[in-house]
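Asker: First the structure, which I've put down as C-alpha cells, then a few questions once you've had a look.
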Amino acid sequence: MAYMATLLGAAAIPAEAFAAPRGKAKRKVAAKKFFTPSQAALVTALADTFIPETDTPGAVSAGVPAHFDAMMGRWASAETKALVIASLASIDKMALEADKKTFAQLTPARRKELLIPYDKAALKPVPKKDKLAGLAALMGAGASVVDPGYNRIKDLIIGLHYASEAAMTKDIIYEHVPGKYVASLKLTPESRPFSGLGTLVG
C-alpha cells in the first residue's frame, strides 16, 4: 500500500508521458536521451530496487526507466531536473563510499541494504517555515523533505509503474465498488485492501 499511496501524486503526470512516440518523432526521441549511460543505469537499478520483478512485473520490465527518461527530457522543469541529477549523484556517492562501486554495480540485495537507511534519511520531513491552516494543512501543502530530488525520483518511478499497462493488467486487481459492505467476506491471496483520500488523511 505504500506504493499505491504515491498514486495520489501521479495525477500530475501528463498523459503524453505514457504515449508511445510515432513515426519520425519516435526516431527523434529514441536518438536523444536525457540521462547519460551511467545515470540511466542508476535509474534502472533504483526502479528494480523499488519494485523488483516477482510473480508480477517489476518496474524495469514495465518500461519505467525509459518513460522516466522521456519525462525528464520533455516535461520536467529546470529545477526538477537539477534536483533529480543531484540526488542521483548523491546515491552513487553513497554506494562508492560504502563499497567502491556505483549503485548500479551492486547486487540487488546490497542495493536494498544500502537504500533503506538512505531512503529513511532522505525522506525525513523538514519543518515548514510558514504555518498553514485549513485544507492546505490537511493536504500537507508546502511540506518538504531532506532530499526533494530523491522524493521526486521515487514518486515518479512508482507512479509510472502503476500507470503502466503491465501493472494495470497483471498487478492491480479491479474492484468495481471498492469498500462496499459485505457481511461475510472470504479472504484469499488475491484479496486487496482499498484506499483513497479519506483513508490517507483521516
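The values are calculated or read from the model by the stated rules, or taken from the named source; none is laboratory data. Values in this document were obtained by computation on a predicted structure and should not be read as measured data. Reconstructed Cβ throughout: ideal geometry from the backbone, glycine too, with neighbour counts over all protein chains shown.
Asker: Which members of segment 155-169 meet the condition of being surrounded by 20 or more Cβ atoms within 10 Å (Cβ to Cβ) and either assigned to a helix (DSSP H, G or I) or free of Cβ contacts under 8 Å to residues at least 12 places away in the same chain (or both)?
Answerer: Hits for segment 155-169 are LEU156, ILE157, ILE158, GLY159, LEU160, HIS161, TYR162, ALA167.
Asker: Same structure again: Step by step: first the residues of segment 31-64, then only those that are farther than 20 Å from LEU115 by Cβ and small (Gly, Ala, Ser), then the one that is modelled with the highest pLDDT. Which residue is that?
Answerer: The extreme case among them is GLY63.
Asker: Further question on the same structure: Which residue pairs have Cβ atoms under 7 Å apart, sit 6 or more places apart or on different chains, and have a first residue in segment 104-123 that is small (Gly, Ala, Ser) and a second that is surrounded by 12 or more Cβ atoms within 10 Å (Cβ to Cβ) and not in a helix (DSSP H, G or I)?
Answerer: Final answer for the pair search is ALA121/VAL146; ALA122/VAL145; ALA122/VAL146; ALA122/ASP147.
Asker: Among what's in segment 76-110 and is more than 18 Å from PRO37 (Cα to Cα) and in contact with an Asp or Glu (Cβ under 8 Å, 6 or more places away or on another chain), pick the residue that is surrounded by the fewest Cβ atoms within 10 Å (Cβ to Cβ).
Answerer: Among those residues, the one meeting the criterion is PRO108.
Asker: Right, here's the next one. List the residue pairs whose Cβ atoms are under 8 Å apart, where the first residue sits in segment 28-50 and is within 11 Å of ASP69 (Cα to Cα) and of a type in the set (Lys, Arg), the second is modelled with pLDDT of 95 or more and crowded, with 19+ Cβ neighbours inside 10 Å, and the two are 6 or more positions apart or on different chains.
Answerer: Close Cβ pairs (under 8 Å, with a partner that is modelled with pLDDT of 95 or more and crowded, with 19+ Cβ neighbours inside 10 Å) amount to LYS33/ASP69.
Asker: Can you work out which of the residues in segment 156-202 that are of a type in the set (Asp, Glu) and under 21 Å from the mean Cα position of the chain (by Cα) is modelled with the lowest pLDDT?
Answerer: ASP171
Asker: Consider ILE13 against the criteria (1) of a type outside the set (S, T, N, Q); (2) crowded, with 17+ Cβ neighbours inside 10 Å; (3) modelled with pLDDT of 95 or more: it satisfies all of them except one. Which criterion is unmet?
Answerer: Only one criterion is unmet by ILE13, namely (3).
Asker: Restricting the search to segment 79-136, which residues are modelled with pLDDT under 95, over 21 Å from ARG152 (Cβ atoms) and of a type outside the set (A, V, I, L, M, F, W, C)?
Answerer: Within segment 79-136, ASP130, LYS131, GLY134 meet the criteria.
Asker: Are there any helices (runs of 4 or more DSSP H) wholly within segment 43-136 with 1 or more residues that are in contact with a His (Cβ under 8 Å, 6 or more places away or on another chain), and if so which?
Answerer: Correct list: 64-74.
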